[in-house]
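Working notes for the structure below.
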Number of protein chains: 4
Amino acid sequence: MLKVGILGAGRIAGVHAAAITAHSGSTLVAVSDFIPANAEKLAAQYGCEARTNDAILNDPTIDAVLIATSTDTHSGFIEAATAAGKAVFCEKPVDLSLARAQACQKLASASGRPVMIGFNRRFDPNFGALKAALDAGEIGKAELLSITSFDPTPPPVAYVKVSGGLFRDMMIHDFDMANFIMGTAPETINAVGTSIVDPDIGLAGDVDTAVVTMTYADGRIAVIKNSRRAAYGYDQRVELLGSKGMLQAQNVLENTVVKSTVDGVTGAKPTYFFLQRYTAAFTAEWAGFVAALANGTAMPVTLDDGVAALAMAGAATMSVKTGAPVRLDSI
Amino acid sequence: MLKVGILGAGRIAGVHAAAITAHSGSTLVAVSDFIPANAEKLAAQYGCEARTNDAILNDPTIDAVLIATSTDTHSGFIEAATAAGKAVFCEKPVDLSLARAQACQKLASASGRPVMIGFNRRFDPNFGALKAALDAGEIGKAELLSITSFDPTPPPVAYVKVSGGLFRDMMIHDFDMANFIMGTAPETINAVGTSIVDPDIGLAGDVDTAVVTMTYADGRIAVIKNSRRAAYGYDQRVELLGSKGMLQAQNVLENTVVKSTVDGVTGAKPTYFFLQRYTAAFTAEWAGFVAALANGTAMPVTLDDGVAALAMAGAATMSVKTGAPVRLDSI
Amino acid sequence: MLKVGILGAGRIAGVHAAAITAHSGSTLVAVSDFIPANAEKLAAQYGCEARTNDAILNDPTIDAVLIATSTDTHSGFIEAATAAGKAVFCEKPVDLSLARAQACQKLASASGRPVMIGFNRRFDPNFGALKAALDAGEIGKAELLSITSFDPTPPPVAYVKVSGGLFRDMMIHDFDMANFIMGTAPETINAVGTSIVDPDIGLAGDVDTAVVTMTYADGRIAVIKNSRRAAYGYDQRVELLGSKGMLQAQNVLENTVVKSTVDGVTGAKPTYFFLQRYTAAFTAEWAGFVAALANGTAMPVTLDDGVAALAMAGAATMSVKTGAPVRLDSI
Amino acid sequence: MLKVGILGAGRIAGVHAAAITAHSGSTLVAVSDFIPANAEKLAAQYGCEARTNDAILNDPTIDAVLIATSTDTHSGFIEAATAAGKAVFCEKPVDLSLARAQACQKLASASGRPVMIGFNRRFDPNFGALKAALDAGEIGKAELLSITSFDPTPPPVAYVKVSGGLFRDMMIHDFDMANFIMGTAPETINAVGTSIVDPDIGLAGDVDTAVVTMTYADGRIAVIKNSRRAAYGYDQRVELLGSKGMLQAQNVLENTVVKSTVDGVTGAKPTYFFLQRYTAAFTAEWAGFVAALANGTAMPVTLDDGVAALAMAGAATMSVKTGAPVRLDSI
């Protein structure tokens, strides 16, 4: 039975607490938060202790630490937890600073402790089925990947200002998805962006709508589209053209009811946002972490994966500013 | 070049006039109507002569006669035209009276002249593809057939009164479709019906919504659903469960545009009514007639087919009245 | 906290044990089975006691009994459990004998204890959304209901012989679904059936493919199609034509991946069988039971509902044998 | 009655000959080809004369000239025909040389004669419905346009060498589609491309797979994806995200039949190539030309539109070579 402590007691910590508790191979021992009352509330809900970060990190009976704190503390906690001998599951992104993330990567690697980064979408059964079909050769060789990822509503500008920007905060999921499907990082990254959804996002130095094209050493191409707003809900699609066909992972809908009237034939919208869409993915993600530890196999998403996606976000951020393509190896 | 005369100059005559004219192997020579002005109008539109029925039937240069007059005249014109040595294409139904149709069948058969009945749906490319997939064994052996056939709006009660009733006027197409797909007529016919769309249709002795189940000698089952009203347009679907799978011919939509908004994901409605939905079928139907004559092969839809569907309509009419199943061989 | 004992420790008991355990308002106290080892196994899995039926029924601390035993014991256990003052949740069908079920209904009613019957499909979110849209008037008044319900593979003939037949064992779910959507029972029931999937099922006196048409006092019509075999999996659809449109609850698919190749455009199959398809429904069903007890409101599916569906199954069984429609009030 | 001569007697000339002949307001008088036998064959098929180019251009009874010759002759024939007082319909592209096209544009403009360029996709009913919905405000303001355009199979390298390259030969349709939907030309064009489908296309200096992102003065973004090969057929989709929703024009399928088996749920492929997919568009395109002449209104697609798309193709060609974005006003 894997004994787990969670650092952070916000919304995503709650998602993980549920997964840890429901999994027959893990148990939630303690939770901390920089606002102690939050930790107490979550602890009460899941029947575990509320502690300080240090009390969790220093408890020798705790096997694994799940980091769900604010992004600026991720690297530090990864370093502290691995130094304390814990296995680590850390929410994305590793850091907003690539240099800081790389430093963390070195230390964590030296510790020899396993670290998994929470790119939950790799565990979505639909994207997983697409990847499996590709690996099974069902469409021949991959040639052109398209990822569409639209949020239902834009975040407040206050959030945007501390988010690291659309590429590090939102598209980072899609960079990782591209790496997951293509099996390697691209060579060049080419971004265009605009703040057409909310001009205040532009005034804050960020974009809310962006298209990134990426080229690979072997001639493949990928394109990622992001928008902070889709009136119809959370739009999460992947489309891959191969030499012998195309694979598409379409949206998950709220239900299967279709209504035909004089106004047309209307089906349900996509499930609203990530908590609804990726329910199964969060459960499978945690199971992947537990299984890798139990089997002594490699983490299904590594700290290296987290750093790679961060580098891509950095390149895209630079590209959208300079208006020129950026080679990933120049980052 | 097949020289053709049309008896009748109404809406469906116009559809056929266009097909005859567009076909490179047929030419429209003359058209008649019991209202001469109608014949003149259609003749002018297609650059042919307006004549009397007799002038068409007696013209030795005319090879084929297309009968698009009112139903009560069909049998008589089939007899007259075949007696005059013409090949005949006659709109459905053959007659409202099964006895009258059978008498016609005998005379026409004795004449040796080919007669085709206008069950246009057999020529719809979608139903044709379903039939071809069945014949190719793609779903194994047929077991359970379902036909859905809803009109967009109910006809006026005045029309209902002279129509022969829903089973002879509307479901007769579906009886023929069942025969086309199942390859044989059923043994028993079991109908329920109601006038829930328009009570005045009930007062006129007819139903506007009906479900017919049919059983076959080899254990297969078919079910046909009809409604005189579907707010979203003309609903024309066929679904066939077989031992190794299912085939569905779905509706043809007005276009492929899908709109996603806060109200849902909305696509286009089915094409409105039979003139839109069966455009390609009317063209292919005429081509089938011309080709059978040119090649000396059997008509793709025969007078026997027309009489068989009429017998099924009679059985269903009896079943809905008596509330009991009717054996087709008792009709 | 509702304290629950389960009678029976088979597959469906396991489904309910999971739901009872996961629900924050209920706890599983004990489980019994006529094979004690089965009870012990399930008890160990969920951390509760294995007991005899009597020990559960006589335990004054147990609030509710969930009956998941073989059908022939349902009525007796409903009577015993209500007599013991328990709230009861009983799997469908109430009994194979309508008379026995009605006797049970009387006793249970006299006891004043609440009884819910496990028609889980009412809690499927898709059928629920269809019902909600109907109740909201989105398609006007209901006119013609169609229910399609195909199992992936036929059961062994040995099972068929003790099942009560397709209408009591399988279509009973669809009879209840019709009552759920139409809001009232039909007047007449008209069944055709065949054993085209497996002739041995016919030799055992049952059918494996059936179509039932039902008429309602106000002129509505319903049709239910059942097959014991669909090569592509569990086919569970509802379609309702109303005066202003149509509602369809389509199948739930295994995933959203679509593959386009030279062979066509292929999507995933429906989820395989009821455990996959109705996962959410089983959870919601139990929540409905707990909520009704907590709030003192009527059960969302009553013993009367169970008896009504059983009467319809009896009428259909008679109709398929006599080849004639059966009035429900004659049963 | 508009009297028309066609220059060129290849495949696309045949498509136009059919449309001219079928239209009640136009008649085909003569056709020419640099291989006279080709002209004679087409003339025989449509019952018109085979002539030389000059004999058509100099015939004062001919009102309109349709140019369907090889691309390198387009500009010259536009100039000659407008100088001869003809209305002109010219196939795309105007020219491979932007400078030459601009010179032609000046002369044609000075002539005062109307010139239409054959961007047939604007007349596709699906793209037309999408545009109409946008113009009706159904998704608010346009923000992010995506055009997918894949051919079924790559052309021979010999064709590629004289084609002007993928951007001028293939994507030019999509550049015009973007202009049609967005209502204005972009500011910057940013292309990536590869020859992953056929390396010989790369050796010939062209790409076979490309993604172009375009930015607009008001902050909108468009992305176009092209591949010379899609194993499943001709893939022609448009997707537009707006402030209040999304519009998608999906592929037109060969038929509506869906087959469900143990292997999945399979529908038909897209219609194979442009002659099948754009049948209706070619008819509507010609009707648009005839109507504009009859009504004295502006051509629905102008020579300016043709030159604009050509400039965009030039910018994309430069961008893919330099690896940098190109401002359209720098071309």
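The values are calculated or read from the model by the stated rules, or taken from the named source; none is laboratory data. This one's a predicted model, so the numbers in the text were calculated from it and none came from an experiment. Note that we place each Cβ from the backbone using ideal geometry, even for glycine, and neighbour counts take in every protein chain shown.
The set of residues from the stretch A:224-243 being over 19 Å from the mean Cα position of the chain (by Cα), more than 11 Å from chain B (Cβ to nearest Cβ) and buried (at least 20 other Cβ atoms within 10 Å of the Cβ) comprises A:L240, A:L241, A:G242. Only residues that are within 25 Å of the chain's Cα centre (by Cα) and facing chain A (nearest Cβ under 9 Å) were counted across the stretch C:247-273, and they come to 8. Go through the stretch C:295-331 and give me each residue that's among the hydroxyl-bearing types (S, T, Y) and without any contact (Cβ under 8 Å) to a residue 24 or more places away in the chain. Listed by number, the residues that qualify are C:T297, C:T322, C:S330. Scanning the stretch C:5-36 for residues that are farther than 18 Å from C:T73 by Cβ and touching a strand residue (DSSP E or B) at 6+ places or on another chain (Cβ under 7 Å), we see that the one that is surrounded by the most Cβ atoms within 10 Å (Cβ to Cβ) is C:I20.
For the stretch B:190-200, filtered to residues that are at the interface with chain C (Cβ under 7 Å from one of its Cβ atoms) and part of a strand (DSSP E or B), the residue that is surrounded by the most Cβ atoms within 10 Å (Cβ to Cβ) is B:N190. Only one of the numbered conditions (1) over 19 Å from the mean Cα position of the chain (by Cα); (2) within 12 Å of chain B (Cβ to nearest Cβ); (3) touching a residue at least 24 places away in the same chain (Cβ under 8 Å) is violated by D:R277, and that is (1). Elements of the type strands (runs of 3 or more DSSP E) sitting completely within the stretch B:230-281 and holding at least 1 residues that are modelled with pLDDT of 95 or more and closer than 18 Å to B:D174 by Cα: these cover B:235-242, B:245-249. Candidates B:R113, B:R122: the one that is of a type outside the set (A, V, I, L, M), touching a Phe, Trp or Tyr at 6+ places or on another chain (Cβ under 6 Å) and not in a strand (DSSP E or B) is B:R122. Of all the numbered requirements in (1) in a helix (DSSP H, G or I); (2) over 20 Å from D:T209 (Cα atoms), D:A315 misses one, and that requirement is (2). Does C:V162 satisfy being more than 25 Å from C:M299 (Cβ to Cβ), within 20 Å of the chain's Cα centre (by Cα) and among the hydrophobic types (A, V, I, L, M, F, W, C)? So C:V162 passes the test. With the structure loaded, tell me whether B:V192 is in contact with a helix residue (DSSP H, G or I) (Cβ under 7 Å, 6 or more places away or on another chain) and modelled with pLDDT of 95 or more or whether it fails that test. In short, yes. Screening the stretch A:37-52 for residues that are surrounded by 15 or more Cβ atoms within 10 Å (Cβ to Cβ) and of a type in the set (G, A, S) and picking the one that is farthest from the chain's Cα centre (by Cα) gives A:A50.
For A:T71, the conditions (1) in contact (Cβ under 8 Å) with a residue 60 or more places away in the chain; (2) among the polar types (S, T, N, Q); (3) surrounded by 22 or more Cβ atoms within 10 Å (Cβ to Cβ) all hold with the exception of (3).
Please work out if D:L303 is out of contact with any Lys or Arg (no Cβ under 7 Å at 6 or more places or on another chain) and under 30 Å from A:S227 (Cα atoms). For D:L303, the condition - out of contact with any Lys or Arg (no Cβ under 7 Å at 6 or more places or on another chain) and under 30 Å from A:S227 (Cα atoms) - is not met.
The set of residues in the stretch C:286-302 that are assigned to a helix (DSSP H, G or I) and touching a Pro at 6+ places or on another chain (Cβ under 8 Å) comprises C:G288, C:F289, C:A292, C:L293.
Would you confirm whether any residue within the stretch D:201-222 is β-branched (V, I, T), assigned by TED's automatic domain parsing to the domain that holds D:A133, part of a loop (DSSP other than H, G, I, E, B) and within 22 Å of the chain's Cα centre (by Cα)? Checked the stretch D:201-222: at least one residue is β-branched (V, I, T), assigned by TED's automatic domain parsing to the domain that holds D:A133, part of a loop (DSSP other than H, G, I, E, B) and within 22 Å of the chain's Cα centre (by Cα).
For D:F282, the test of being closer than 30 Å to C:T261 by Cα, touching a His at 6+ places or on another chain (Cβ under 9 Å) and assigned by TED's automatic domain parsing to the domain that holds D:A132 is passed.
Residues are listed down the side, and each one gets a yes or a no for (1) of a type outside the set (G, A, S); (2) within 14 Å of another protein chain (Cβ to nearest Cβ); (3) surrounded by 19 or more Cβ atoms within 10 Å (Cβ to Cβ):
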{"site": "B:F282", "(1), (2), (3)": "yes, no, yes"}
{"site": "B:A294", "(1), (2), (3)": "no, no, no"}
{"site": "B:A309", "(1), (2), (3)": "no, no, yes"}
{"site": "B:T322", "(1), (2), (3)": "yes, yes, no"}
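Between A:A136, A:A103, A:A110, A:A99, the distinction of being surrounded by fewer than 18 Cβ atoms within 10 Å (Cβ to Cβ), within 13 Å of chain C (Cβ to nearest Cβ), at pLDDT 95 or above and out of contact with any strand residue (DSSP E or B) (no Cβ under 9 Å at 6 or more places or on another chain) belongs to A:A136 only. Within the stretch D:141-170, the set of residues being within 14 Å of chain A (Cβ to nearest Cβ) and touching a helix residue (DSSP H, G or I) at 6+ places or on another chain (Cβ under 7 Å) comprises D:A142, D:L145, D:I147, D:S149, D:P154. Report yes if B:N179 is assigned to a helix (DSSP H, G or I), closer than 26 Å to C:I196 by Cα and either under 19 Å from the mean Cα position of the chain (by Cα) or among the hydrophobic types (A, V, I, L, M, F, W, C) (or both), otherwise no. Criteria met by B:N179.
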